[in-house]
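I have placed the structure first, in the form of structure tokens, so that the comments after it can refer back to it.
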Amino acid sequence: MESRADQVAMNSRSYPYQGQQQVQTTVVTMAPNVLPVRDHLLWSIFNFFYLNFCCLGFVALVFSVKSRDRKVVGDAEGARQYASTARALNIATTTLSILVFVIFFALLFAGIISLGNAYQHGHSYRAGK
């Protein structure tokens, strides 16, 4: 084997049982330059268990799992679309759930909603009889 300037054997030592020079090769497999896709799975799980406003947390969880499945298969564009939908649903359920809590506590502190009066009214009607 003749060695040219652009082809040089990595290991030029010959082995007695083979009688030939061994050439060591390295194969590097490079993946395409794709940005990682965020599937928002943890946010969806949190919304599903704690802030599940009108089942939007469940729907966001479904889209997050679909996004993760597409990512595992190698479909980056499909994963990105499902992740975008899951993100929008997570934003909606978080915002609406927090808004409902804020409105509820505002009405409670304003005196429009009273949790203790229902028991007191029921008790006073019995005392009057």
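Values computed for the structure shown
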quantity	calculated
Residues within the range 10-48 that are open to solvent by less than 100 Å² (accessible area, probe 1.4 Å), at pLDDT 80 or above and β-branched (V, I, T), tallied	2
Residue count, the range 58-88 (criterion: in contact (Cβ under 8 Å) with a residue 40 or more places away in the chain and under 23 Å from F101 (Cα atoms))	2
Number of positions in the range 63-79 that are in a helix (DSSP H, G or I) and open to solvent by less than 60 Å² (accessible area, probe 1.4 Å)	6
Count of residues meeting criterion [at pLDDT below 85 and either open to solvent by less than 60 Å² (accessible area, probe 1.4 Å) or within 23 Å of F58 (Cβ to Cβ) (or both)] in the range 80-123	5
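The values are calculated or read from the model by the stated rules, or taken from the named source; none is laboratory data. Quick caveat: nothing in here was measured; it's all calculated off a predicted structure. Because the Cβ atoms are built from the backbone with ideal geometry, glycine has one as well, and the counts that use them run over all protein chains shown. The accessibility values were calculated without ligands, DNA or RNA, using every heavy atom of the protein model including side chains. Shrake-Rupley method; radii C 1.70, N 1.55, O 1.52, S 1.80 Å.
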